[in-house]
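> Sharing a structure, written as structure tokens. Questions coming.
The values are calculated or read from the model by the stated rules, or taken from the named source; none is laboratory data. Note that this is a predicted model, so its numbers are computed, not measured. Here the Cβ is made from the backbone with ideal geometry for all residues, glycine too, and neighbour counts use every protein chain on show.
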């Protein structure tokens, strides 16, 4: 059975897409998100369902939860609360905030490491007869403490 002969969706009498009954329900290989409201059968009645393409066990199929968001050109909802564009963006923003916090923490640790790397040359300079070892240590401690304060 080819999908050229039998498209995955057909338009119903109410002008809303419906899965083609000629394609077996278990055969979800041809499923795609039509970006338009789709009627799915639930028991003996038809209702609108979320059209998001879900992947599982090497196949794809529609979510089919009750849609409430992302209306199509006809004003019918196409996505559920989990798969709506707003929910997706919220998850993306939350993940980006976590990534940015991690980047900031790493940059602070790198800066603190650079200041710590100055410690051995400072000690060697003091051991070699630095003219003002006390002031050199005070300057280093000021930089170190300033960086520690920005850390937390």
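> Scan segment 30-82 residue by residue and report those that are in contact with a helix residue (DSSP H, G or I) (Cβ under 6 Å, 6 or more places away or on another chain) and closer than 19 Å to residue 14 by Cα.
Correct list: empty.
> Can you tell me which residue is farthest from the chain's Cα centre (by Cα) among those in segment 43-72 that are part of a loop (DSSP other than H, G, I, E, B), modelled with pLDDT under 85 and surrounded by fewer than 17 Cβ atoms within 10 Å (Cβ to Cβ)?
44
> Out of the residues in segment 18-42 that are within 18 Å of residue 66 (Cβ to Cβ) and over 29 Å from the mean Cα position of the chain (by Cα), which is modelled with the lowest pLDDT?
The selected residue is 42.
> Only one of these is surrounded by 14 or more Cβ atoms within 10 Å (Cβ to Cβ), free of Cβ contacts under 8 Å to residues at least 60 places away in the same chain and not assigned by TED's automatic domain parsing to the domain that holds residue 53: 108, 98. Name it.
108
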